[in-house]
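I'd like to ask you about the structure that follows.
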Amino acid sequence: MKEKITYLKRNFIYIFFLATLSLVVGCGNKTEDEYNSAIQKGLDELVSESYDKATVFFEMALEEKPDDKRAKALLSQTEAFDTALESLEDGNLELAIENAESVKKIENGSEALVTKSNDILINIKKINTLKTSYKETYDSANSLFEEGKYSESMEQVNNLLEDETLGEPYYLSIKKLSEELKISISEKIDQIAATESQSEAESKKNVALESDSTDQEFADISEVQTVQEETGSTSLEQYDPLEIEYARILLMTGSVDPNSPVINVAHTPAGTPIADYYSNDSAEYPNVVTHLFGEFGASGSITYSSNGDGTITIYPVPSHWHQEDQSPEGYRALTQEILDTAQTVYVDLGNDSDVINKIESVEFIYQ
């Protein structure tokens, strides 16, 4: 009887062992199947260029086999390639290069992703070559502008802006510079046309008045004296104190074309961005500032703040923002430099007659 019980126990243990072994093998096979299925589906999504979905499947494969080198490599490659692709589309070429190179360095991954990463690097090389070409064209146009060759400069800028590729994100900084240069060229051309028209009119007038030019000159000189005699004073008392200030500053600095018949006056509150068109990236004026500028953009301008003690602080603000670095950091650096290099000077009171002549010879237009 005892031997029969022992026999039954042995049979039970043997059967239990076989059942357990079958369960383990079955689970192992299931894990392997799910792993292989996830890997294959991820590879299929790579072919379809659905990189987000591929990432999900490779993560599922790692859940089945957390230490699997193949799954880890494919996941890392896919994430890096997807980042490279998005960076390229956003125009961030440095980040695109970094991630494309990362894809190539990962072992046990996808050769297809390596090939596509090489394609990205080749494309970036072409982009940089074209960017260099665009920059050279812009620099040439800008040099012609500085030499006063406005027609030739305008022709090059127009050819550059007509290229539709310039609108892609990789070239937007050059496009912005070119558009601003075109505005400056147009202003110069308009100014020259106006000057020529004025010169022609003056020539005709001089011919007509040639016989009595001496009398006319005397009348011009006497005009201010007549005004002074009517007021009974040759002092500045009868003039607006602000216009006296403007006239003195214009005479002292010579920043605005002395022949400009119009002086535009504008005031900007403290805390206003210096580069008003790029307000998010600009330093701000610490005090109220006054802007004096001529009839045309090329007539010159001056930006200053009155300190109430006979001095003014002059800010070297450009008429146009043509700096090469058009990034937010570039605007912050340039506007901060304007604050750092501002100069405080005493206003030269000058000769009262000169100040009166200046006030009488221009029209102040308040913006």
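The values are calculated or read from the model by the stated rules, or taken from the named source; none is laboratory data. Owing to the predicted nature of the structure, the values given are computational and were not obtained by experimental measurement. Counting neighbours? That spans all protein chains shown, and the Cβs are built from the backbone with ideal geometry, glycine included.
Assuming His291 fulfils every condition listed in (1) farther than 29 Å from Leu172 by Cα; (2) part of a loop (DSSP other than H, G, I, E, B) apart from one, which condition is it?
Only one criterion is unmet by His291, namely (2).
Then there is this: Among (1) assigned to a loop (DSSP other than H, G, I, E, B); (2) loosely packed, with under 13 Cβ neighbours inside 10 Å; (3) more than 16 Å from the chain's Cα centre (by Cα), which single condition is Ser255 missing?
(2)
Run down Glu79, Glu107 and say which single residue is closer than 20 Å to Asp52 by Cα, in contact (Cβ under 8 Å) with a residue 24 or more places away in the chain, surrounded by fewer than 20 Cβ atoms within 10 Å (Cβ to Cβ) and in contact with a helix residue (DSSP H, G or I) (Cβ under 8 Å, 6 or more places away or on another chain).
Checking each option against the conditions leaves just Glu79.
When you scan segment 177-185, do you find a residue that is assigned to a helix (DSSP H, G or I), in contact (Cβ under 8 Å) with a residue 60 or more places away in the chain and under 16 Å from Gly294 (Cα atoms), even just one?
yes
Can you pull out every residue in segment 351-367 that is in contact (Cβ under 8 Å) with a residue 60 or more places away in the chain and surrounded by fewer than 14 Cβ atoms within 10 Å (Cβ to Cβ)?
Passing the criteria: Ser353, Asp354, Glu360, Glu363, Ile365, Tyr366, Gln367.
In segment 268-280, which residues are surrounded by fewer than 18 Cβ atoms within 10 Å (Cβ to Cβ) and in contact (Cβ under 8 Å) with a residue 40 or more places away in the chain?
Result: Pro273, Tyr277, Tyr278, Asn280.
One residue is enough: does segment 286-296 have a residue meeting the conditions over 30 Å from Ser235 (Cβ atoms) and in contact (Cβ under 8 Å) with a residue 60 or more places away in the chain?
yes
What number of residues within segment 302-312 are surrounded by fewer than 18 Cβ atoms within 10 Å (Cβ to Cβ) and free of Cβ contacts under 8 Å to residues at least 60 places away in the same chain?
Residues flagged as surrounded by fewer than 18 Cβ atoms within 10 Å (Cβ to Cβ) and free of Cβ contacts under 8 Å to residues at least 60 places away in the same chain within segment 302-312 amount to 5.
So which of Leu43, Leu74, Leu93, Leu88 ends up being surrounded by 15 or more Cβ atoms within 10 Å (Cβ to Cβ) and touching a Phe, Trp or Tyr at 6+ places or on another chain (Cβ under 6 Å)?
Going through Leu43, Leu74, Leu93, Leu88 in turn, the sole match is Leu74.
When you go through Leu181, Leu160, Leu113 one by one, which is the residue that is closer than 29 Å to Glu98 by Cβ and either exposed (fewer than 14 other Cβ atoms within 10 Å of the Cβ) or in contact with a helix residue (DSSP H, G or I) (Cβ under 7 Å, 6 or more places away or on another chain) (or both)?
Leu113
Still on this structure: Considering only residues that are buried (at least 17 other Cβ atoms within 10 Å of the Cβ) and touching an Asp or Glu at 6+ places or on another chain (Cβ under 8 Å), which ones fall in segment 28-40?
Correct list: Tyr35, Ala38.
Could you check segment 116-140 and list, in sequence order, the residues that are surrounded by fewer than 14 Cβ atoms within 10 Å (Cβ to Cβ) and of a type in the set (A, V, I, L, M)?
Correct list: Ile122 only.
Only one residue in Tyr346, Tyr304 is of a type in the set (Phe, Trp, Tyr), within 22 Å of Thr272 (Cβ to Cβ) and modelled with pLDDT of 85 or more, so which one is that?
The unique qualifying residue is Tyr304.
Which condition from (1) among the polar types (S, T, N, Q); (2) closer than 30 Å to Lys182 by Cβ; (3) in a loop (DSSP other than H, G, I, E, B) is the one that Asn280 breaks?
(3)
Within segment 136-154, work out how many residues are without any contact (Cβ under 8 Å) to a residue 60 or more places away in the chain, part of a helix (DSSP H, G or I) and closer than 17 Å to Glu187 by Cβ.
9
I would also like to ask the following. What tally of residues in segment 85-130 results from selecting those that are among the small types (Gly, Ala, Ser) and over 23 Å from the mean Cα position of the chain (by Cα)?
6
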